[in-house]
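Data first, discussion second: the structure below is written as structure tokens.
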Amino acid sequence: MRTRLVRLLVVVLALGVLLGAPLPDGRAGDDRWRASINDARRAAAMQRKPILMLFLKKGDVASQRFEKSIGRDKRLQTMLDGLVCVKLDPAQHPDLVKRYHLATFPAALFGTSWGRPIKLMVGVTSTAKLRGQIKQVDAKFAKLMDPTQNVSKTRPRSPSPVTRATRRPHVSSCPTACEHCDPAIEAALAWLVKRQSSDGAWRKPDSETETKAEGGQILTRSIDHIEVSLTGVVGMALLAEGSTPDSGRHAAAIRRGASFLRRAVRPDGIISPHSGVDEFVYLAHSIFETSLAAMFLAEVQALQPQKELHAELARVARAIEGAQDERSGGWGYTFDAKEHPPMTKRGWRLLATTHCAMSALNAIRDAGVPVSEEVLERGVGYLESCLGRDGSFTYRTELRGGKGYPGATAGALYAIARSGLRDADALEGPRERLRYTFTQLEGFGEHWWFFAFFTGLAMNDRGEGAWDTFHRHFRDVLLENVGDDGTWAEQDKKAGVTFSTAIAAFLLQLDHGHPPIASRRTGETDLAEQADPKRRRKPRYVKNPHPASRVKVFEVEGGYQADLIVSVDGPTDAAYFAKLERGVRAANRLLWDLTDGQMSLHQVELVGGGKRADEADVLVLEDFYSDPAIPRHGGAHGITMVSRRTDLVGGRAVVGHRIGEWVKLPYSVGEEPFPWHHDGPVRVFAHELCHYLLGVQDEYGVGGSFCDCIVGNRHATELCGDHNHTDDRRPHSCWAHAELLYPRLFVPGETDPGPWDPPRAIVRVVDE
């Protein structure tokens, strides 16, 4: 009997050891320890929690003891629930060891999902100290996540274009906002073209200049003679319309503007038509002037390569490179700034001049003109030295102890990203900061248009989601302030109405993707390589719970992606497919937001002539409204067949999950093809995709209350959860339905604004 008890005790102890031992994937007996850093970052972003990276050295006695003590500390285990935790072997992460100077283990690093460190503990062996630091980390993290705690107040601001107190609902908030943007763009471009000088330049009107005589001497402001930069930004706005130097409605104006700037390229590479005794007046802002003009000329060269223009841009590049202060890596206002003491205003090295000069060099390089990588590397170093303590960029290196502001952050991010010298992870912190603060740009009156220009470029360069977020907000800001004559006022009374009108027109057109500067995005992957069937691994689709369903969804990196076939039986041409493609991409962004970054479209094939209708996921039909299931007077614009699978279990019929069979959409509204690139149709598309892919039901109509989610409110950008589901006809929320079909989905406990950068869908027209 005693022998049996001893054996039983041994078995129990062995089981205890096994249950308490680390699992093969590094988790300590529970699921709070993530398998990798990427997994932890995704979870932290969705759950809005800080990350704990615990470095445990393999074979190290102290690391082993500390790991065991964590499992025994119940108070610590409770506190770890508020973190996203991951255990790391220092030998497998030498980059992190080097970056944070880790020499003694175990070590604990607290940080954010976007890569910003909060607290580092080296040689930690006490769980009590770890508990104390977690309390401090929670407080710091809460402050970082509160945008109101990081508003820049370091500089006086002049009045903004429109204040929030006077903001009113604008017509652009309606589903077809493009219909209101287009007239504003046309009026602005017409106004600009009429004001081009006979020599090809654009200048400030006399009413905006302050030239005067005093004591027999002519006095003038340097800001009154900025025709070089004005010509550059107006030229960019005309290129964004789709015109080129040799084609389009504004081809002649573009050629005249480019010709003026090419004649203004001096032998030393500075772009200025002036020289002589008043040279300093005309060159006081020469870095800005030359850089903005060079960006336009580089776009012209990319569109229409010319040997002579190539040589002129090479001269400009050498001049910009030579103006860099080699020691700091920054640029001042003028080409001779480095000859002056750095703390005088003429010799200051500034973030604005630096990112402007680097953007010009990047554009020149993209046009095929060689540029010094050493100069770009030094420039990136200077910009990084301007990173403030709140994670955004400040105006100068000397101010990095304070807080930055979104306009400077956007300009720096754009210049660094286009240089190609830093990977995406290195910029994730400032990008995340910009995401939460870019709307503050609206209240930054001083030099507002300059900052808006580079913020738009940075958002567009980041990708579809970032651009869409920027455009949706500032589209209304711009349209609320357009004048009756199609112009925008420049509130600082410095650069003038030509400057502000050109930038407004450029921003409203930037998503058209016409100029090379807008069509190449560094934030998106190589689509050609993705779309190559030889390089693309065949996805393993999730098994559907309904045999009639055509849904093709597969798992990837902890999330889900879907492939679609869209069959159109109405007349199709390149213009129709272009609008349909924009609608698909916009619906993908909305789907990504709705699912908090957990589901997106992968590959979408557009097929004309009604072909492949028998296997298509989406049917765009000319006779859509003849379907008896579609109400004639209900304003319906889409219908999805969503079914339940019924199985026999133990002789009883058991209703399974809902799943989509197909989606039907109308080809036209009235006699016009349906404008799928407009906001309203995009929301219809996304609404139907929620039915089709997630199996959710409509949550509006007779007999039930409306639910404030995408299937209950067409203006909503969220799915409802158990905490806010209000349609009394539906027993389950949207997230509850989705989780039944896709068990790896993380269901948020409260409404989350969601991420803004979805994976870029591969949309292609299939010519059958």
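Across segment 323-338, which residue is surrounded by the most Cβ atoms within 10 Å (Cβ to Cβ) among those that are free of Cβ contacts under 8 Å to residues at least 24 places away in the same chain and closer than 24 Å to Ala264 by Cα? Give the steps one after another, and end with the answer.
Within segment 323-338, the first condition is being free of Cβ contacts under 8 Å to residues at least 24 places away in the same chain, and the residues that meet it are 327, 336, 338.
Checking which are closer than 24 Å to Ala264 by Cα leaves us with 336, 338.
Values: Asp336: 14, Lys338: 19.
Per the stated criteria, the residue is Lys338.
Among the conditions (1) within 30 Å of Leu297 (Cβ to Cβ); (2) within 14 Å of the chain's Cα centre (by Cα), the only one that Thr439 does not satisfy is (1). The set of residues from segment 303-322 being buried (at least 19 other Cβ atoms within 10 Å of the Cβ) and touching a Gly at 6+ places or on another chain (Cβ under 8 Å) comprises Val316, Ala317, Ala319, Ile320. Any residue at all in segment 561-568 that is of a type in the set (Gly, Ala, Ser) and modelled with pLDDT under 90? The answer is no, given that none of the residues of segment 561-568 is of a type in the set (Gly, Ala, Ser) and modelled with pLDDT under 90.
For Leu478, the criteria (1) surrounded by 21 or more Cβ atoms within 10 Å (Cβ to Cβ); (2) more than 18 Å from the chain's Cα centre (by Cα); (3) part of a loop (DSSP other than H, G, I, E, B) hold in every case but one, which is (3).
Screening Gly269 on (1) at pLDDT 90 or above; (2) more than 25 Å from Arg520 (Cα to Cα); (3) not charged (D, E, K, R); (4) not in a loop (DSSP other than H, G, I, E, B) shows it passes everything except condition (4). The residues of segment 535-551 that are out of contact with any Lys or Arg (no Cβ under 8 Å at 6 or more places or on another chain), surrounded by fewer than 19 Cβ atoms within 10 Å (Cβ to Cβ) and modelled with pLDDT of 85 or more amount to a single one, Val542. Residues of segment 94-101 include none that is in contact with a strand residue (DSSP E or B) (Cβ under 8 Å, 6 or more places away or on another chain), in contact (Cβ under 8 Å) with a residue 60 or more places away in the chain and outside any loop (DSSP other than H, G, I, E, B). Within the option set Ala107, Ala128, being modelled with pLDDT of 85 or more and surrounded by 12 or more Cβ atoms within 10 Å (Cβ to Cβ) holds for one residue only, Ala107. Taken over segment 102-125, the residue count meeting the criterion of being basic (Lys, Arg) and either part of a loop (DSSP other than H, G, I, E, B) or outside the structural domain of Ser36 (by TED's automatic domain parsing) (or both) is 1. For segment 349-374, which residues satisfy the criterion of being more than 22 Å from Ala518 (Cα to Cα), more than 24 Å from the chain's Cα centre (by Cα) and surrounded by 21 or more Cβ atoms within 10 Å (Cβ to Cβ)? Matches in segment 349-374: Arg349, Leu350.
The values are calculated or read from the model by the stated rules, or taken from the named source; none is laboratory data. Just so it is clear, the structure is predicted and the values come from calculations on it, not from any experiment. For neighbour counting, all protein chains shown are included, and Cβ atoms are generated from backbone atoms with ideal geometry for every residue, glycine included.
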